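Undergrad: Below is a structure I'd like to ask you about.
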Amino acid sequence: MDKICWLHVSDFHLQGGDRYDQDVVLGALVESVRTLREERGRKPDLIFATGDIANFGKAAEYKLATPFFDALLAAAGLERRSLFLVPGNHDVDRDQGTGLAETLDTREKADSYFKPGGSLPHLERKLGAFRKWYNSYFKGIRELPKDSSCGPVESIEIGGQRIAVLPLNSALFCHGNSDQNKLLIGRRCLKNALEQVQQHAAQLRIALIHHPLDWLSHVESQNITADLQSSIDIILHGHLHENSVASVASSHGTTLMLAAGASYQTRQWPNRAMFVTVDGSTARVFPLRYEDSPTEIWTLDTSLFPHDKDYEGEFPLPGRQSPQPATSAQAFTLPGAKPAPETPSDQPNTLEVRIQGQLCAELAKDTCLPITRALLRAGSEGQALPEKIAAWWEGSENALKRIKELTAAVSEALQPKPAAPQAFAAHAQKLLGLVALGALRPEALADLAGDAGALRELDVQTVVGVELVFAARGGLDTIVFVLAGAKGKRVHPERALLVEPNFPESGWDASTLAKDAADQIVRPLLDIPASQRDLSTADYDHAAAALRDKGAYFAVSRLESPGHPLLDAEVRAALPEPFRDFPIMVFGINARERSKLFNVREGELRHAIQTFLETLRGHNPN
């Protein structure tokens, strides 16, 4: 059977006004797709677009979608019937359907709403502009169902293989500033759609959805996930503005989850897409990212699979082959990384190789050092990470040696124990802590290298603040929001961007405090004066997505502002949804809640940062 190739794009946020940057980025995407097809032989058979076609769900925005998709299809050498797309939260017109904010908080209510043959007022009103454009654009090819959130199910013959495509609409219940865990697809709709998928007897079954499945309501999320895992080979989604790949296994089956990054956020922030090629029982992912300089072009994104040959990830499709037992090494490597062999005949130390992979996984998490995540996005290979960090260290010729000794210490500590994922994660975090500590005080590593006891005792949260040193040495622009208290004092004036809301210590309700905090972050970032207009959900989404890619977090001085609103769990829960998971760094001690907070000894950190900055300026006080 021949190979099947598709282009996966998502999150375009098309809108009117000054469209220069938008045209530059998306125009470069079109030309790069043309070049890859004509000069590199990477010709897609299909294009999948997983939502957020428009920015505010307005009819005028979809007038921009028609010429863009036509140009993209022409560049790929395809016709409209080869394009499949679904709506996202930005395709919802939130000015419409304000009376439809019904809460389907039980399975019975949800099943009743999605009964066969019933109408879906959310689809008619909130997604009215999208639906009208969709049916016009694909006239004579396919039509969006009036009474279902799923479909139309379709099959295509490519290279002797039949592919079934199942579009899923996860945007029906997008409302207000918070969508997570409130979204519904409808179990009854999905059941009927999956029956249609089975009738097509396809060799490859693909589902399209905008949101990740864990954004669905608890009312049906487990059922929806189980049904899809048992019936679908690959699920494509967007929304998170990051390329990512995961193979999800359960008792219901194994499904490959592919997320395409945003095709357009802004010209300054990361824009991403991916090609996927299925060859027999293997899927290969060729990730793309936009480069603005020295020329506007979409090129290979080397940060997603830094360990893989040609920086392309390769994944098995269990539904298309006989199941193979997973090795213990496969359980601990990054997606796309080649697992270490069980018998390390040609590798220096299998455990160390696996620890290296887990270390990269820890660096990629939102809860770990944002600056090192930025380095991985910039294309740093995991194998070269110790050398890169060592190159920034001062005052020690043995920095690289010490890092390797620390890795060996982790390996030694794990050797007699079962190699559980939790053990790798815990030791990798401690290794991160030692690396961070050494960035400030290399001499401190002398007594710790190879000392498994000290390694187990170190708490990475006490030294995570030294990422600022990494930022300065690496020339990376990290954004930190310093939220001062009633006294209006700034914590660290050397940060790239400061926001100083002058919150009262008491007297406001949680929702008011949370809105004020978010507004005072978003307005200066997007240059929207308070006198101009109220902020929209799209504004929050846009700002949060951009900031997340810059490794932003909130910084609060507990000593200067012991009653800061963001230290209150109720206030954080009331923040607009995109900001709720931003890390909060608390300078000082005695923070009550540690689950989301980094606690840093303020005096030590300040002194270290100031000393380092003075050193950079050539005025070392010492």
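Undergrad: Sticking with the crude label model, points 7 Å out along Cα→Cβ, report the distance from E124 to Q199 in nm, one decimal please.
TA: Rounded to a tenth, the inter-label distance reads 2.5 nm.
Undergrad: Here's a follow-up. Pick out, from V25, F138, F305, the residue whose Cα sits farthest towards the positive end of the charge dipole of the range 4-320, with +1 on the Cβ of Lys and Arg and -1 on the Cβ of Asp and Glu.
TA: In the range 4-320, that residue is F138.
Undergrad: Taking a 22 Å limit on the Cα-Cα distance, which of the listed pairs K3/K191; K63/K132; K109/K146; K43/K139 fall beyond it?
TA: K3/K191; K43/K139
Undergrad: Given R₀ = 41 Å, what would the calculated FRET efficiency be for E143 paired with E412, taking r from the Cβ atoms and rounding to 0.05?
TA: Efficiency, rounded to the nearest 0.05: 0.05.
Undergrad: Something else now. Each residue of the range 160-165 in turn: what ³J(HN,Hα) in whole Hz from Karplus with 6.51, -1.76, 1.60 and θ = phi - 60°, glycine and Pro shown as x?
TA: Per-residue couplings from phi come out as x, 10, 9, 10, 9, 10 Hz.
Undergrad: Gain in length, N223 to E314, computed as 0.36 nm per residue apart minus the alpha-carbon separation, to one decimal in nm?
TA: Working it through step by step, the gained length comes to 29.9 nm.
Undergrad: Under a point spin-label approximation (7 Å from Cα along Cα-to-Cβ), what is the E31-E79 distance to one decimal in nm?
TA: Reported label-point gap for E31 and E79 is 2.9 nm.
Undergrad: Right, something else. Quick one: which residues, 5 or more positions from W298 or on another chain, have an amide H under 5 Å from its amide H? H modelled 1.01 Å from N in the peptide plane, none for Pro or chain starts.
TA: Residues meeting the criterion, in which the H sits 1.01 Å from N, are S32, E291.
Undergrad: Provide the per-residue ³J(HN,Hα) series for the range 132-138, in order, calculated from phi with Karplus coefficients 6.51, -1.76, 1.60 and θ = phi - 60°, each as a whole number of Hz, with x at glycine and proline positions.
TA: Per residue, the Karplus-derived 3J(HN,Hα) values read 5, 5, 4, 5, 6, 5, 9 Hz.
Undergrad: While we're here: Give me a comma-separated list of calculated 3J(HN,Hα) values for the range 220-231, in order, Karplus coefficients 6.51, -1.76, 1.60 applied at θ = phi - 60°, integers in Hz, x for any Gly or Pro.
TA: Here the 3J(HN,Hα) series is 9, 4, 5, 5, 4, 4, 5, 5, 5, 5, 7, 10 Hz.
Undergrad: Amide H of S10 versus every other amide H placed in the peptide plane: which residues, excluding those fewer than 5 positions away on the same chain, fall under 5 Å?
TA: Result for S10 returns T50, S263.
Undergrad: If you stretched the chain out fully between Q532 and D111, how much longer would it get, using 0.36 nm times the residue separation minus the C-alpha to C-alpha distance?
TA: Value of the extension gain: 147.3 nm.
Undergrad: Just to be sure I understand the model, the point goes 7 Å from the Cα along the line to the Cβ. What's the resulting A60 to S293 distance in nm?
TA: 3.3 nm
Undergrad: While we're here: Just to verify a number: FRET efficiency for E570 and Y20, C-beta to C-beta distance, R0 = 35 Å, to 0.05?
TA: Here the calculated transfer efficiency is 0.25.
Just so you know, all these numbers are worked out from the coordinates, no wet-lab data involved. These numbers were taken from a predicted model, which means no experiment stands behind them. Ideal geometry is used to build each Cβ from the backbone, glycine not excepted, and the neighbour counts take in all protein chains shown.
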